[in-house]
1. Residue by residue through segment 59-91, note down the ones that are of a type in the set (S, T, N, Q) and under 13 Å from the mean Cα position of the chain (by Cα).
2. Picking from Leu110, Leu20, which residue would you name as being of a type outside the set (S, T, N, Q), part of a helix (DSSP H, G or I), touching a residue at least 60 places away in the same chain (Cβ under 8 Å) and surrounded by fewer than 18 Cβ atoms within 10 Å (Cβ to Cβ)?
3. Any residue at all in segment 43-52 that is farther than 15 Å from His10 by Cα and not in a loop (DSSP other than H, G, I, E, B)?
4. Looking at Leu94, Leu111, Leu66, Leu77 in this structure, which one is in contact with a strand residue (DSSP E or B) (Cβ under 9 Å, 6 or more places away or on another chain) and closer than 18 Å to Gln33 by Cα?
Amino acid sequence: MGRLVINATHAKDDAERATLAFIVGATAVGADQECTIVLTVDGVWLATKGYAEEIQKDGFRPAGELVQEFLKNGGQLWACGACCKPRGITEDRLRDGAKIVGAANVVEVLLASDNSITF
């Protein structure tokens, strides 16, 4: 089994990049690969309740569906704590299955991964 880390840096500001992160993530976990999506910068909004459900890029599946599929199939969804803080995002605002993590968690998962990609 492989391990993939995806860094998603966008949300509504770039619906295509936000959606692509979850297309790749959902594909990875659907193929029984371990996958962690690390949300940074404005991407942290994707960890909040209901946010991804408002993103729909023409030609792509709705982002909310992809996030749910990713989590249902065992994907890990991490929001950068340093990025959440200035945006006022706290644990109580997160969707089920998402968590806020620190830089040490990100470094650990990156060092243990086989590959990483950024959107």
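1. First pass over segment 59-91, keeping only residues of a type in the set (S, T, N, Q): 68, 73, 76, 90.
Gln68, Gln76, listed by residue number.
2. Numbers: Leu20 fails: surrounded by fewer than 18 Cβ atoms within 10 Å (Cβ to Cβ).
Step by step, each of Leu110, Leu20 is checked, and only Leu110 is of a type outside the set (S, T, N, Q), part of a helix (DSSP H, G or I), touching a residue at least 60 places away in the same chain (Cβ under 8 Å) and surrounded by fewer than 18 Cβ atoms within 10 Å (Cβ to Cβ).
3. Taking segment 43-52 and keeping what is farther than 15 Å from His10 by Cα, we get 49-50.
Then drop every residue that is not not in a loop (DSSP other than H, G, I, E, B), which leaves none.
No: zero hits.
4. On the way: Leu94 fails: closer than 18 Å to Gln33 by Cα; Leu111 fails: in contact with a strand residue (DSSP E or B) (Cβ under 9 Å, 6 or more places away or on another chain); Leu66 fails: in contact with a strand residue (DSSP E or B) (Cβ under 9 Å, 6 or more places away or on another chain).
Result: Leu77 is the single residue among Leu94, Leu111, Leu66, Leu77 that is in contact with a strand residue (DSSP E or B) (Cβ under 9 Å, 6 or more places away or on another chain) and closer than 18 Å to Gln33 by Cα.
Rule-based calculations on the coordinates, nothing more; no lab input. Since we're looking at a predicted model, the values are computed, not measured. Neighbour counts are summed over all protein chains in view; Cβ atoms, including those assigned to glycine, are modelled from backbone coordinates with ideal geometry.
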